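What follows is a single structure, written as structure tokens, with notes after it.
Any read-out appearing in this document is the output of simple, stated calculations on the displayed coordinates, not a laboratory observation. Note that this is a predicted model, so its numbers are computed, not measured. For neighbour counting, all protein chains shown are included, and Cβ atoms are generated from backbone atoms with ideal geometry for every residue, glycine included.
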Amino acid sequence: MARKKRRSICPVACGLDLFGDRWTLLLIRDMACGKTLFKEFSASPERIATNILANRLERLVRGGLAERSGPADASGRSGYMLTAKGRSLLPVLSSIADWGLAHIPGTEARMRPNIGR
């Protein structure tokens, strides 16, 4: 597979190309909190559209941040889980959450990532 040409060598730009849209970090949050199945991600309070959800999950897999796991439920459907590369973003998520709690009135940290996974 040909590698996509980068728009810049800036590490911030390259990182944002991988996880900088409005949905990807939320999916990483959900995986860190134990969600694995498509239906679990689509049930998150942010209400991601299913076509966008499928696209972002595939992007996470292609980018090496997540991987498909074996059947996660009785239906035989596979799930998704963070790779070590994906888990390495958890301190970034934690920093974003801390910033939001400190600077955006009315926010609450209701989900706690399982960093030990």
Long-range amide H partners of Gly34, meaning residues 5 or more apart or on another chain whose placed amide H is closer than 5 Å, are Asn114
Once both label points are put 7 Å beyond Cα along the C-beta direction, the Arg77-Thr50 separation in nm becomes 0.9
Listed by chain and number, the aspartates and glutamates with an alpha carbon less than 19 angstrom from that of Lys35, same-chain partners under 8 positions apart left out, are Glu46, Glu58, Glu67, Asp73
Total charge of the residues flanking Thr107 in space, meaning their Cβ is under 14 Å from its Cβ, with Lys and Arg +1 and Asp and Glu -1, is -1
Interchain or sequence-distant (5+) residues whose placed amide H lies within less than 5 Å of the amide H of Tyr80 are Leu37, Ser69
